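Read through the structure below, which is laid out as structure tokens, and then see the notes.
The values are calculated or read from the model by the stated rules, or taken from the named source; none is laboratory data. Model, not experiment: these values are computed from the prediction. Cβ sites come from the backbone with ideal geometry, for glycine too, and all protein chains shown count toward neighbours. Quick note on the areas: whole protein, heavy atoms, side chains included, nothing else; ligands and nucleic acids left out. Shrake-Rupley method; radii C 1.70, N 1.55, O 1.52, S 1.80 Å.
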Amino acid sequence: MPGSSVAIKELQKRDRDKAAKFVTRMMKLTMKDRVAKESLDHLISTAVHTLDQAIKDPNQYCLLAVKDGEIVGIALGQVLGGVGRIDWMAVEPKQRRRGIGKRLMGAVEGYMIGRGCHKMTLQAYNSHIPALGLYLNWGMVPEAALKQHLWGDDYVVMSKWLERSRHGKG
């Protein structure tokens, strides 16, 4: 099965430095030509801060996809008021198209449901077509377009309702 030798785990303190290097490298690799430099610098800083928060704050999370002891994927975000947000997610380019993104999405959704979330949401760059495809195939739907948003970049807000009947809705 694709991605079957990959373990998904929550970030531990001992993984923090390796995760920070992975986040920084992946953001520079995948986003440097897509977003304004100021936006990229802010995203890296925010993501590394989220790693630190995920270790100590139960409302922040970081899930790692690990293969042969190396991080090959990551999902960062937060849970607040019954809504789980994916702030950033990436898979190592050489490991893409092997089901790792789907495994991360499944783990994130399971984490959110476990925390009582009724909805998951994210903002994605309009220019990141492979990620948009993954999110759409996962059942997320566009809710809003943010034109010339932060540093002039265009985003789409996407969401998915989670286990609505568990929360007395729908």
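Couple of notes before you dig in:
- Counting residues in the stretch 54-62 that are open to solvent by 10 Å² or more (accessible area, probe 1.4 Å), in contact with a strand residue (DSSP E or B) (Cβ under 7 Å, 6 or more places away or on another chain) and part of a strand (DSSP E or B) gives one or more.
- Number of residues in the stretch 33-55 that are among the charged types (D, E, K, R) and in contact with a Lys or Arg (Cβ under 9 Å, 6 or more places away or on another chain): the value is 1.
- The residues listed here are Thr46, Thr24; of these, the one that is hydroxyl-bearing (Ser, Thr, Tyr), under 27 Å from Glu143 (Cβ atoms) and open to solvent by 10 Å² or more (accessible area, probe 1.4 Å) is Thr46.
- Residues (free of Cβ contacts under 8 Å to residues at least 40 places away in the same chain and open to solvent by 40 Å² or more (accessible area, probe 1.4 Å)) located in the stretch 85-96: Arg85, Lys94, Arg96
- Each residue in the stretch 9-38 was checked for being outside any helix (DSSP H, G or I) and closer than 13 Å to Leu64 by Cβ, and 4 of them qualify.
- Taken over the stretch 137-150, the criterion of being open to solvent by 40 Å² or more (accessible area, probe 1.4 Å), aliphatic (A, V, I, L, M) and within 14 Å of Ile86 (Cβ to Cβ) is satisfied by no residue.
- Residue selected from the stretch 111-133 under the condition open to solvent by 40 Å² or more (accessible area, probe 1.4 Å), of a type outside the set (Ser, Thr, Tyr) and part of a helix (DSSP H, G or I), by the criterion farthest from Val6 (Cα to Cα): Ile129
- Unique residue being over 24 Å from Lys21 (Cα atoms), out of contact with any helix residue (DSSP H, G or I) (no Cβ under 8 Å at 6 or more places or on another chain) and in contact (Cβ under 8 Å) with a residue 60 or more places away in the chain when the list is Gly139, Gly110, Gly82, Gly152: Gly152
- Here Thr46, Thr50, Thr24, Thr30 are screened, and the one residue that is closer than 25 Å to Val156 by Cα and touching a residue at least 60 places away in the same chain (Cβ under 8 Å) is Thr30.
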